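Participant: Submitted below is the structure of interest, expressed as structure tokens.
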Amino acid sequence: MKVTITVNGKETSAEVEDRTLLVHYLRDVLNLTATNIGCDTTTCGACTVLLDGESVKSCTVLAAQADGREVTTVEGLAGEDGTMHPVQKAFHEQHGLQCGFCTPGMVMATVSLLKENPRPTEEQVRAGLEGNLCRCTGYHNIVKAVLAAAEETA
Amino acid sequence: MIPATFTYRRAESVDEAIELAGQYGDDAKFLAGGHSLLPLMKLRLAQPEVLVDIGRLRDLSYIRDEGDHVAIGALTRHHDLATSELLAEQLPLLRYAAGTIGDPQVRHRGTIGGSLAHSDPAADLPAAVLVLEATLVARGPSGTREIPATEFFVDRFESALEPGELLTEIRVPKPASRGWSFQKFTKRAIDWAIVGVAVQGDKVGLVNMHEKPVRATAVEEALASGASIQEAAERAADGLSPNSDVHASAEYRAQLARVLVRRGLEEAASRA
């Protein structure tokens with residue numbers, strides 16, 4: 001089937017198998033490989049992207065379900081001139097990453113969380129990132145980064 | 001993992017969804033948010049030949065106050081339930097239970113209709129609609145019918161829906177008895193409940209304690225005959241056959257059910 005998906009503000013289109021998952025469309029068709037595949041079972045959150053502005057796990061969404069809609073990946077956050085998004089900047093400054101594998105998903109989940117709740121408490125940040133696992137167990141600085149980003153943007 | 005091949009068809013209306021499902025018969029499955037179905041398809045535990053995508057039927061996504069009951073469209077997402085002001089006022093049990101499902105990403109996709117139709121004894125919402133004594137509205141080729149929640153869950157992953165029938169609305173009566181509680185015992189935040197308990201007034205529902213979503217009838221009967229919360233809770237596992245699995249043995253689940261039912265009834269009483 002043919003799908004047309006606006007990804008990071010640009011319209012993309014391709015002929016794909018009906019069973020194509022959104023994460024494979026992003027990585028294999030568009031070559032946007034920042035979105036990682038971790039568990040592939042809707043658990044770890046490494047593949048988190050925004051679908052019409054809300055966080056989803058792209059390993060559990062069909063490309064067909066995103067047809068005609070807007071997807072944002074971590075590649076789409078920074079400005080044209082490379083200026084980091086406030087959430088990216090906060091992860092950078094607060095050292096909110098260790099190996100970096102979970103980071104694209106963490107950042108996208110954070111963007112969605114702060115959109116729904118611009119001034120979360122630490123507890124709300126931890127609950128809001130329940131769907132994202134960091135196997136370096138670097139949660140402490142990730143939470144600090146989210147709180148710093150909230151401070152910066154609210 | 002990628003699901004086995006299937007044909008994707010998108011329905012633009014409820015009528016078209018029912019027509020498409022009728023056309024493909026047993027080979028077709030409805031796709032709502034896909035958060036129960038797609039994981040099963042990736043594991044080859046489900047291999048439908050056709051998916052009829054109903055995810056764009058926005059007219060099935062609503063939460064409305066209908067006077068004596070609240071009407072909820074089957075495509076209403078867990079996120080919408082968990083953030084609804086109407087539910088906060090009228091059905092706090094359902095709102096709270098929806099907010100404990102999975103994680104924010106899952107709640108952005110999963111729907112109440114999909115979760116109920118999936119009829120998973122480990123899911124949270126079936127226990128909630130059982131104790132709320134909801135009525136489920138289904139549409140099929142031969143018209144609309146209403147199914148009481150207590151008759152909807154037939155077996156593990158089997159509901160009372162006929163092939164080609166689409167769950168369209170959940171009607172939840174406003175509870176006369178306001179006390180409620182939802183207890184969910186998990187290892188990690190995003191896990192399924194090892195055991196869960198939903199309480200509304202003197203009705204008690206159980207998550208993951210039998211081959212299908214059930215009410216704790218022994219507990220309800222004990223309460224009705226004047227037993228104390230402590231005494232009634234002791235009967236939480238009576239007549240039920242919980243699973244033994246990697247997370248817990250059947251005996252552990254039975255004990256957990258007795259503890260959680262007691263906590264649930266106490267919390268509900270404190271809110272009544």
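What follows is calculated from the coordinates using simple rules that are stated; it is not laboratory data. Remember, predicted model here, so these are calculated numbers, not experimental data. Reconstructed Cβ throughout: ideal geometry from the backbone, glycine too, with neighbour counts over all protein chains shown.
Participant: When a footprinting reagent is the concern and you count Cβ atoms within 10 Å, what order do B:ASP59, B:ASP191, B:ASP103 take, fewest first?
Facilitator: Numbers: B:ASP59 11, B:ASP191 14, B:ASP103 22.
Sorted ascending by nearby Cβ count, the order is B:ASP59, B:ASP191, B:ASP103.
Participant: Going by amide H atoms built from the backbone, whose H comes under 5 Å of the H on B:THR168, apart from near neighbours?
Facilitator: Distant-sequence amide H within range of B:THR168: B:VAL137, B:ALA138, B:ARG139.
Participant: Let me check I've understood the local charge: for B:PRO163, count other residues with C-beta under 12 angstrom from its C-beta, Lys and Arg +1, Asp and Glu -1. What total comes out? Walk me through the numbers on the way to the answer.
Facilitator: Working: positive: B:LYS29; negative: B:ASP26, B:ASP27, B:GLU158, B:GLU162, B:GLU165.
That sum, taken over residues with Cβ under 12 Å, equals -4.
Participant: Round to a whole angstrom and tell me the spacing of the C-alpha centers of the range B:215-264 and the range B:1-42.
Facilitator: Spelled out, the Cα-based centre of one part sits 37 Å from the other.
Participant: Using amide H atoms built in the peptide plane, which far-off residues or other-chain residues are under 5 Å from B:HIS69 H to H?
Facilitator: HN-HN under 5 Å from B:HIS69: B:LYS174.
Participant: Subtract the Cα-Cα distance of B:ASP238 and B:GLU16 from 0.36 nm times their separation in residues, and report this length gain in nm to one decimal.
Facilitator: Values: separation 222, 0.36 × 222 = 79.92 nm, distance 4.49 nm.
Taking 0.36 nm per residue and subtracting the Cα distance, the gain is 75.4 nm.
Participant: Quick check on the protein assembly as shown: take the gyration tensor over C-alpha atoms, sort the square-rooted eigenvalues as a ≥ b ≥ c, and tell me if it's rounded (a/c under 1.5), prolate or oblate. Could the numbers behind the result be given before it?
Facilitator: Working: a/c = 1.89, a/b = 1.31, b/c = 1.44.
Taking the square roots of the gyration eigenvalues as a ≥ b ≥ c, the protein assembly as shown is oblate.
Participant: Rounded to the nearest Å, what's the spacing between the alpha carbon centres of the range B:171-198 and the range A:9-57? Just the number, please.
Facilitator: When both Cα centres are located, 32 Å separates them.
Participant: Now for a separate question. Under a plain spin-label model, where a point goes 7 Å from the Cα along Cα-to-Cβ, how far apart in nm are A:CYS39 and A:THR153?
Facilitator: 2.5
Participant: Rounded to the nearest Å, what's the spacing between the alpha carbon centres of the range A:120-146 and the range B:59-133? Just the number, please.
Facilitator: 26
Participant: State the answer as a single residue: which of B:TYR96, B:LEU240, B:LEU166 lies farthest towards the positive end of the charge dipole of chain B, with beta carbon charges of +1 for Lys and Arg and -1 for Asp and Glu, about the Cα centre.
Facilitator: Working it through, the farthest residue towards the positive pole turns out to be B:TYR96.
Participant: Using 28 Å as the Cα-Cα cut-off, could you pick out the over-long pairs in A:LYS57/B:LYS174; A:LYS10/A:LYS89; B:LYS187/B:LYS212; A:LYS115/B:LYS203?
Facilitator: Values: A:LYS57/B:LYS174 34 Å; A:LYS10/A:LYS89 24 Å; B:LYS187/B:LYS212 22 Å; A:LYS115/B:LYS203 38 Å.
Violating the 28 Å limit, Cα to Cα: A:LYS57/B:LYS174; A:LYS115/B:LYS203.
Participant: Just B:GLY226, B:GLY114, B:GLY140 to compare: in a GNM of chain B, with alpha carbon springs under 10 Å, which one fluctuates most?
Facilitator: B:GLY226
Participant: Return the distance in nm (one decimal) between the two label points of a simple spin-label model at B:SER228 and A:SER13, each offset 7 Å from Cα along Cα→Cβ.
Facilitator: It works out to 7.3 nm between the two label points.
Participant: Estimate the FRET efficiency between A:ASP52 and B:GLU251 by the formula 1/(1 + (r/R0)^6), using the beta-carbon distance for r and 45 Å for R0, to the nearest 0.05.
Facilitator: 0.45
Participant: Under 13 Å from a point placed 7 Å out from the Cα of B:GLU66 along the Cα-to-Cβ direction: which residues of the range B:159-176 have their backbone N that close?
Facilitator: B:168-174
Participant: With a cut-off of 8 Å between alpha carbons and a minimum separation of six or more residues, what is the relative contact order of chain B in percent? Don't skip to the end; give the middle numbers.
Facilitator: On the way: 613 pairs, mean separation 42.6, N = 272.
This gives 16 percent for chain B.
Participant: State, as an integer percentage, the relative contact order of the range A:86-153 based on alpha-carbon contacts under 8 Å between residues 6 or more apart. Working shown, then result.
Facilitator: Details: 75 pairs, mean separation 36.5, N = 68.
Computed over the range A:86-153, the figure is 54 percent.
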